[in-house]
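Student: The structure that follows is given in the form of structure tokens.
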Amino acid sequence: MDVGRMMRVGAAASVVAIVGCGTIDPARVHLAVNTADGQCKTTSHTTEVHVTVRNDSRAELKLSIDSSEHQPPYSLNWLSFQILNEDGSRDWDRATGHGNMVIDALSIGPGDATELAIPFYELKPEDYAKTYVIQFQDRRDHKFMTDPFKLCDVSEPDRQLLPR
């Protein structure tokens, strides 16, 4: 093998190694909240919010999910997220609080996107008027926050809120 070819192969290997070792840039991970239509009309005390996660970073994003989900939307593990008020203060605990359980890892590669499901438990009628932010972390302790959102349009005249 000639020296020029060896240098090109070595340079290509270096580029692959550098790209493969990239770190997550939280500013390049984009989140979009999707609250399902008609959630104000439900009589259930539980609902979920879907968050689309797009990884435009140069490294794999690794999240902890519950092992029961094998296709999107993946249930983000309850230890990996917090539901906050719009001002960033902690809202009450809406996670289910399981004992020991298997926690799977979900990898989202550079340029890929997936959908996560975040449960909201024990909702009361006044909860629909609140504005929330979901904060979650990846397996490398990077933190990500959604934009503020409401569970539904509380100004909707025909909505049916949960009974007290």
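Student: Taking the range 100-132 as the search range and keeping residues that are of a type in the set (S, T, N, Q) and farther than 15 Å from Leu31 by Cα, which one is nearest to the chain's Cα centre (by Cα)?
Tutor: Of the range 100-132, the ones of a type in the set (S, T, N, Q) are 100, 107, 114, 131.
Cutting the leftovers down to farther than 15 Å from Leu31 by Cα gives us 100, 107, 131.
Details: Asn100: 22, Ser107: 12, Thr131: 17 Å.
The selected residue is Ser107.
Student: Take the range 18-58 and flag every residue that is out of contact with any helix residue (DSSP H, G or I) (no Cβ under 8 Å at 6 or more places or on another chain), modelled with pLDDT of 75 or more and surrounded by 15 or more Cβ atoms within 10 Å (Cβ to Cβ).
Tutor: Selection gives Ile24, Val29, Leu31, Val33, Thr35, Glu48, Val49, His50, Val51, Thr52, Val53, Arg54.
Student: Next question. Only one of these is at pLDDT below 90 and of a type in the set (S, T, N, Q): Ser14, Ser64. Name it.
Tutor: Answer to the check: Ser14.
Student: With respect to Tyr121, is the statement that it is hydroxyl-bearing (Ser, Thr, Tyr) and either over 18 Å from Ser68 (Cβ atoms) or modelled with pLDDT under 80 (or both) true?
Tutor: No: the conditions fail for Tyr121.
The values are calculated or read from the model by the stated rules, or taken from the named source; none is laboratory data. The structure presented is a predicted model; accordingly, all values stated were derived computationally and were not measured. Don't worry about glycine lacking a Cβ; one is built from the backbone with ideal geometry, like all the others, and counts go over all protein chains shown.
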